[in-house]
Amino acid sequence: MKKSVLRKAEPYLWILPSIVLMAIFILIPIVFVFRMSVSKITKAGLIKGFNGLENFQSVISSPAFAIVLKNTIVWTVFVVVLSTVLGFILALLLNNEFKGRKIARAIVVFPWATTLVIQASVWSFIINTDYGALNTLLKTLGIISANVNWTPTPEAYFAWEIACGIFVTIPFVCFTTLSGLQSIDSSLYEAATVDGANYWQKLFTITLPLVKPSLTVATVLNIIYVFNSFPIVWTITKGDPANRTDTLVTYLYKLAFYNGKQGQAAAVSVIGFTILLICASIYMYSTLKKGDD
């Protein structure tokens, strides 16, 4: 009797350390942020009682919030979609046999292995009007005769930040998808070739359906990482001018540490958490529904 009880309890004992760590480092901070979002917070960070939805009302009524929310959606959609498409194409290329394939894979992983702050700093140097590498290269090639201002507007700056985000995200999608491609049995392609299938028919009938799980995992994780990404925007523009290049993460950082509005910063954090939760719920529902069908 005791042995059977121990056997039933054994799996829970093994996962108990993980549950404890998740509670300490994830659940408790989330609860604390939710508490802060509905509390009056002093500039010293002290909680001074419940104030209902006042922090949320202050955030949503701010003219900057609409700009920041739009920027966050544009940033997430463009980086995730374009990096997924380009990463998948690159994975298809690296899955082929060719001389120097290992070197090519090593080169592709460099942007992912380097910290985002360094990557953003490099991109900031490249597009600099006065001494940027892009202007220097184009003048050396004789394409331009004078320096070009590549960031004349906040929108142009934001577009360069999106380009940087895509560049550093492609390796993650590429290698996640590549792992799925390498698990596909080559006999499937051989059978399709015998049946007269061309490259595109193999791609849409064999490759895409079988690599879909890996691509789905990469996309979902990508949405979470990109939505919460801080270093690129902060390193290149710090969200300036006038919040025109801010995302939710940089905006709440400014509210908390620049303006001393920690309650409003917590409210922005809760709003971002809610958006991600809704997106994840929709994804899980659609996935489970397809599984049931």
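Determine the dipole magnitude for the chain: charges of +1 sit on the beta-carbon of Lys and Arg, -1 on that of Asp and Glu, nothing else is charged, the reference point is the Cα centre, and the result goes in debye to the nearest 20.
900
Quick one: VAL117, VAL173, VAL270, fewest Cβ neighbours within 10 Å first, how do they rank?
VAL117, VAL270, VAL173
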Any idea which of GLN119, TRP14, SER286 is furthest toward the positive side of the dipole for the chain, if Lys and Arg beta-carbons carry +1 and Asp and Glu beta-carbons -1? TRP14
How far apart, in nm, are the 7 Å Cα→Cβ label points at SER4 and GLN182? 4.6
As an exercise, find the ratio Rg/Rh for the stretch 170-251 from alpha-carbon atoms, using the Kirkwood inverse-distance average for Rh. 1.26
In Hz, Karplus ³J(HN,Hα) per residue of the stretch 146-159 (6.51, -1.76, 1.60; θ = phi - 60°; x = Gly, Pro): 9, 4, 9, 7, 7, 10, x, 9, x, 5, 5, 4, 5, 5
The exposure ranking of THR115, THR169, THR237, fewest beta-carbon neighbours within 10 Å first, is THR115, THR237, THR169
Within 10 Å of each candidate Cβ there may be at most 12 other Cβ atoms; applying that plus a DSSP loop requirement, which chymotrypsin sites (Phe, Trp or Tyr not before Pro) in the stretch 219-291 survive? TYR258
From the Cα gyration tensor of the chain, with a ≥ b ≥ c the square roots of its eigenvalues, which class applies: rounded if a/c is under 1.5, or else prolate if a/b is larger than b/c, or else oblate? oblate
Determine the calculated [θ] at 222 nm for the chain from helices alone, applying -39500 (n - 2.57) to every DSSP H run no shorter than 4 residues and normalising by the residue count; nearest 500 deg cm²/dmol. -23500 deg cm²/dmol
What is the Cα convex hull volume of the stretch 86-242 when expressed per residue in Å³? 155
Students often get this wrong, so check it: of LYS48/LYS70; LYS70/LYS238; LYS43/LYS254; LYS40/LYS254, which have C-alpha atoms separated by over 23 Å? LYS48/LYS70
Pair ARG105, MET22: separation of 7 Å Cα→Cβ label points (nm): 3.2
For the chain, built as a Gaussian network whose Cα springs stay under 10 Å, the top-fluctuating residue of ILE107, ILE24, ILE60: ILE24
Excluding residues fewer than 8 positions from LYS139 in its own chain, the aspartates and glutamates with Cα under 13 Å of it are ASP130
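Can you give the extra length, in nm with one decimal, that the chain gains between SER281 and TYR225 once fully stretched, where that is 0.36 nm per residue apart less the Cα-Cα distance?
18.5 nm
DSSP loop (so not H, G, I, E, B), at most 11 other Cβ within 10 Å: list which chymotrypsin sites (Phe, Trp or Tyr not before Pro) in the stretch 127-223 pass both filters.
TYR131
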Of the candidates CYS279, CYS164, CYS174, which one comes out as most mobile in a Gaussian network treatment of the chain with C-alpha springs shorter than 10 Å? CYS279
Any idea how far the Cα center of the stretch 229-287 sits from the one of the stretch 40-92, in Å? 3
³J(HN,Hα), Karplus 6.51/-1.76/1.60, whole Hz, each residue of the stretch 242-250, x for Gly, Pro: 6, 6, 6, 10, 6, 10, 4, 5, 5
Distant-in-sequence amide H partners of SER39 (H built 1.01 Å from N, under 5 Å): ASN51
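Read-outs throughout are calculated quantities, based only on the coordinates presented, and are distinct from any laboratory measurement. It should be emphasised that the depicted structure is a prediction, and the values quoted were computed from it without experimental measurement. Quick reminder, even Gly has a Cβ in these numbers, built from the backbone with ideal geometry, and neighbours come from all protein chains shown.
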